[in-house]
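> Structure in structure tokens, see below.
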Amino acid sequence: MSKILVIAEHLDGKLNAATARAVSAAAAAKPDAIDIIVLSDAPEAIAAEAAKIDGVTKVLAVARAENAHALAAVLAPQVAKAAAGYSHVFAPSTTFGKDLAPRVAALLGVSQVSDVMTVEGPHSFKRPIYAGNAIVTVDVDAGSTVVATIRTASWPAAASNGNAPVEALSLDATLPSHTRFVNLQQGKSDRPDLQGAAKVVSGGRGVGSKENFEIIYKFADKIGAAVGASRAAVDAGYVPNEMQVGQTGKIIAPELYIAVGISGAIQHLTGIKDAGTIVAINKDGEAPIFEIADIGLVGDLFKILPELESAIG
Amino acid sequence: MKIIVGYKRVVDYNVRIQVKPDGSGVVTDGVKLSANPFDDIALEEALRLREKGVAEEVIVVGIGPADLTAHLRNGLAMGANRAIHVQTADAVSPLTAARTFLKLVEKEQPGLVILGKQAIDDDANQTGQMLAALWDRPQATFASKVEIAEGKATVTREVDAGLETIEADLPAVITTDLRLNEPRFIKLPDIMKAKSKPIDVVELGSLGVDAADHIKTTHYAAPAKRSKGVMVNDAAGLVAALKQKGLL
Ligand SMILES: Cc1cc2nc3c(=O)[nH]c(=O)nc-3n(C[C@H](O)[C@H](O)[C@H](O)COP(=O)(O)OP(=O)(O)OC[C@H]3O[C@@H](n4cnc5c(N)ncnc54)[C@H](O)[C@@H]3O)c2cc1C
Ligand SMILES: Cc1cc2nc3c(=O)[nH]c(=O)nc-3n(C[C@H](O)[C@H](O)[C@H](O)COP(=O)(O)OP(=O)(O)OC[C@H]3O[C@@H](n4cnc5c(N)ncnc54)[C@H](O)[C@@H]3O)c2cc1C
């Protein structure tokens, strides 16, 4: 019998949409049950949101003061305890899940399947290696717990029409005090969230400066898009780190991705492979980005973006 | 304090990876190999901590086949005091790598272990977290800033929401993100000096590590190719194309 435990990701009392994507992957394994575990100091509202996700059997709410911040060292012993009786433990492949799930896996004495793209069967998965330049099929021994992170860009968010029961769960786990939260500097933005947005406009080194990036924001706002960036743009200080798209940044799958002044290095392309339509705007007609773009336009971005804005009207 | 640094050899990030036609692996024969970029960053951070007087000794560790020596010499040339080569002919899983590091940690008693957040071949992003779990010590993953004082590490982490700062009592495991530092280049005289630095070779089998692997890679495939796109001539053409696809 297979039962999947999905670890909910949340921040500031709200469930992260990546959780519903992990539930989609769980459903693909056709288990007998999918339960969500919410670890928080105040899990009620988050658990109520999680209970609405389609396909969820029940939600386990673990309330502890120590769970006020998502510290892997504190959460992992609880998840490992809660995992008893489950055949699978899934977490989204976000920085939250990447930090936590391997710690859980090690406590359970198993390796982890990272970045699940497809579920071939309850114990068989496809995942990318070498920045997505090869896709491997991995089989996990049927006898051992499957701990996996789910590559969110590969999965749609499960819909929210459900009404699963919420149960309070108290876990007898000793928690360490050796790791402490200090603060979180969050980028404040009214724009759509990069990871869930239908449209994304990204700028690269070609944009040239922090000030020049305004032209990207302006255009993105015009079409209601989230804003991303290449590593070069982040490294140069044009934009903060949470905007980086690529192998070591965010992996995204918007319907429309517009790359502006980005050359198309393999590590960047890894982050956008699953985008619906990729548009490239670059002054160098030989730039590798044009090899994968669905629509390409060669020219100076400082001329083209204003033209686009007026052409859209 | 001692610092242990993971120093993995991987296919260079500039190499275009080719999957073997029979799906049995990727082509690695004759392909350029380099240090995992995140591990160069890990080593650089350790060296800076030694230069600041926070650490006395930096040990680079490689787990891999017999021909790893030249790679470890690069780590020594960059500035590590010594190297440990855990020799194994087989590919090891992240869990086995973590268990191996734990054995070395028990022997060397480091104040800090710095690993890359991921190796750019398998992209597993697991080893550091697993080591921290098995060792029952703090983990500070995806670090972009590290400060060590009074027996604790204050680490800024690159997370999806922005920058998170946490405090961890030492000993602890740190995994590096790209913006932590810019690794130094190896200078010629250092390559000469590195020749006399010690490399301990231990057989993985002799460490008593459980190397059982319950995850098997059964097939390798090239990723689905995106079909060739079209070029438009101007902004108006782009807007028309996007409208036609219903994207504007
Ligand atoms: C281990 C590792 C991990 C990495 N991870 C990532 C990652 O997650 N994400 C990522 O993005 N990169 C990553 N990189 C870096 C990657 O290799 C590239 O260096 C980076 O993506 C380049 O960014 P860019 O395209 O903005 O800059 P460049 O390559 O410098 O390209 C700038 C482009 O702008 C164009 N341009 C300049 N001026 C104009 C103008 N006025 N109008 C129009 N076009 C113009 C140029 O023609 C050029 O094509 C990683 C590298 C390594 C080694
Ligand atoms: C002989 C041999 C053949 C291999 N063949 C293959 C193959 O065909 N296909 C394949 O995909 N992989 C192969 N590997 C790689 C091996 O499977 C990986 O080392 C292992 O899976 C760890 O995954 P990772 O490096 O992605 O871990 P991550 O968790 O991503 O690594 C994070 C960090 O842990 C440390 N670390 C991890 N492993 C080592 C190590 N070996 N030495 C030093 N530090 C380390 C590093 O600091 C690294 O930055 C081979 C390895 C060997 C030795």
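The values are calculated or read from the model by the stated rules, or taken from the named source; none is laboratory data. These figures come from a predicted structure and were not determined experimentally. Because the Cβ atoms are built from the backbone with ideal geometry, glycine has one as well, and the counts that use them run over all protein chains shown. With ligands, DNA and RNA removed, areas are computed over all heavy atoms of the protein, side chains included. Shrake-Rupley method; radii C 1.70, N 1.55, O 1.52, S 1.80 Å.
> Pick from the stretch B:90-127 the residues that are hydroxyl-bearing (Ser, Thr, Tyr) and near ligand 2 (Cβ under 7 Å from one of its atoms): which of them is surrounded by the most Cβ atoms within 10 Å (Cβ to Cβ)?
B:Thr127
> State which residue pairs qualify: first residue without any contact (Cβ under 8 Å) to a residue 60 or more places away in the chain and inside the stretch A:179-199, second residue in a loop (DSSP other than H, G, I, E, B) in any location, beta carbons under 6 Å apart, and separation of 6 or more residues or different chains.
Qualifying pairs under 6 Å: A:Gln186/B:Ala161; A:Gly187/A:Pro240; A:Ala197/A:Pro254; A:Ala198/A:Pro254; A:Ala198/A:Glu255; A:Lys199/A:Ala225; A:Lys199/A:Pro254.
> Right, another one. Which of (1) in contact (Cβ under 8 Å) with a residue 40 or more places away in the chain; (2) touching a Phe, Trp or Tyr at 6+ places or on another chain (Cβ under 8 Å) is the odd one out, the single condition B:Arg157 does not satisfy?
That leaves (1) as the condition not met.
> Now, a different point. What residue, among those in the stretch A:156-207 that are of a type in the set (Asp, Glu) and in a loop (DSSP other than H, G, I, E, B), is surrounded by the most Cβ atoms within 10 Å (Cβ to Cβ)?
Once the filter is applied, the top-ranked residue is A:Asp193.
> Go through the stretch B:117-151 and give me each residue that's in a strand (DSSP E or B) and within 22 Å of A:Leu194 (Cβ to Cβ).
The answer is B:Thr141, B:Phe142, B:Ala143, B:Ser144.
> Quick check: anything in the stretch A:89-108 over 20 Å from B:Ala132 (Cβ atoms), among the hydroxyl-bearing types (Ser, Thr, Tyr) and assigned to a helix (DSSP H, G or I)?
The answer is no; no qualifying residue exists.
> For the stretch B:216-241: of the residues being open to solvent by less than 40 Å² (accessible area, probe 1.4 Å) and in contact with an Asp or Glu (Cβ under 7 Å, 6 or more places away or on another chain), which is nearest to A:Leu256 (Cα to Cα)?
Looking at the filtered set, the residue picked out is B:Gly229.
> Could you list, in sequence order, all residues of the stretch A:300-313 that are crowded, with 19+ Cβ neighbours inside 10 Å and either facing chain B (nearest Cβ under 8 Å) or basic (Lys, Arg) (or both)?
Correct list: A:Ile304, A:Leu308.
> Given the options A:Ala233, A:Ala287, A:Ala220, name the one that is surrounded by 23 or more Cβ atoms within 10 Å (Cβ to Cβ), modelled with pLDDT of 95 or more and either within 9 Å of ligand 1 (Cβ to nearest atom) or in a loop (DSSP other than H, G, I, E, B) (or both).
Within the list A:Ala233, A:Ala287, A:Ala220, the selection yields A:Ala233.
> So for the stretch B:134-147 (the condition being within 7 Å of chain A (Cβ to nearest Cβ), more than 24 Å from B:Ala77 (Cβ to Cβ), at pLDDT below 95 and open to solvent by 20 Å² or more (accessible area, probe 1.4 Å)), does at least one residue qualify?
The answer is no; no qualifying residue exists.
> Being under 24 Å from A:Ala153 (Cα atoms) and in a loop (DSSP other than H, G, I, E, B) is the filter here; which residues of the stretch A:18-45 pass it?
The answer is A:Ala29, A:Lys30, A:Pro31.
> Quick check on the stretch A:256-279: of everything there that is near ligand 1 (Cβ under 9 Å from one of its atoms) and closer than 19 Å to A:Ile223 by Cα, which residue is farthest from the other protein chains (Cβ to nearest Cβ)?
Restricting to residues being near ligand 1 (Cβ under 9 Å from one of its atoms) and closer than 19 Å to A:Ile223 by Cα, the top hit is A:Gly261.
> Those residues that are of a type outside the set (D, E, K, R) and part of a strand (DSSP E or B), I need them from the stretch A:1-17; list them, please.
A:Ile4, A:Leu5, A:Val6, A:Ile7, A:His10, A:Leu11, A:Leu15
> Collect the residues in the stretch B:38-64 that are within 17 Å of the chain's Cα centre (by Cα) and over 18 Å from B:Val173 (Cα atoms), keeping them in residue-number order.
B:Gly64
> Let me ask you something else. Please state which of the following conditions B:Ala42 fails to meet, knowing it meets all the rest: (1) modelled with pLDDT of 95 or more; (2) under 28 Å from B:Ser144 (Cα atoms); (3) open to solvent by 10 Å² or more (accessible area, probe 1.4 Å).
(3)
> Shifting gears a bit: Out of the residues in the stretch A:81-103 that are free of Cβ contacts under 8 Å to residues at least 60 places away in the same chain and within 15 Å of A:Thr149 (Cα to Cα), which is surrounded by the most Cβ atoms within 10 Å (Cβ to Cβ)?
Selected residue: A:Pro102.
> I want to confirm something. Restricting to the stretch A:128-155 and keeping residues that are of a type outside the set (A, V, I, L, M), assigned to a helix (DSSP H, G or I) and more than 9 Å from chain B (Cβ to nearest Cβ), which single residue is nearest to the chain's Cα centre (by Cα)?
This residue is A:Thr152.
> In the stretch A:4-26, what residues are open to solvent by 50 Å² or more (accessible area, probe 1.4 Å) and more than 12 Å from the chain's Cα centre (by Cα)?
Residues satisfying the conditions are A:Leu11, A:Asp12, A:Lys14.
> Let me ask you something else. Does the stretch A:59-116 hold any residues that are touching a strand residue (DSSP E or B) at 6+ places or on another chain (Cβ under 8 Å), closer than 16 Å to B:Arg137 by Cα and not hydrophobic (A, V, I, L, M, F, W, C), and which are they?
Result: A:Gln78, A:Asp99, A:Pro102, A:Arg103.
> Among the residues of the stretch A:64-77, which ones are within 14 Å of another protein chain (Cβ to nearest Cβ) and either surrounded by fewer than 22 Cβ atoms within 10 Å (Cβ to Cβ) or within 17 Å of B:Glu164 (Cα to Cα) (or both)?
Those that are within 14 Å of another protein chain (Cβ to nearest Cβ) and either surrounded by fewer than 22 Cβ atoms within 10 Å (Cβ to Cβ) or within 17 Å of B:Glu164 (Cα to Cα) (or both): A:Glu66, A:Ala68, A:His69, A:Ala70, A:Leu71, A:Ala72, A:Ala73, A:Val74, A:Leu75, A:Pro77.
> Just name the residue that is nearest to A:Ile289 (Cα to Cα) out of those in the stretch B:208-248 that are within 24 Å of the chain's Cα centre (by Cα) and among the charged types (D, E, K, R).
By that ranking, first place goes to B:Lys216.
> Where residues in the stretch B:152-184 are at the interface with chain A (Cβ under 10 Å from one of its Cβ atoms) and not in a strand (DSSP E or B), which of them is least open to solvent (accessible area, probe 1.4 Å)?
B:Asp177
> Something else now. Within the stretch A:212-254, work out how many residues are acidic (Asp, Glu), over 20 Å from the mean Cα position of the chain (by Cα) and closer than 25 Å to A:Pro128 by Cβ.
So the count comes out to 1.
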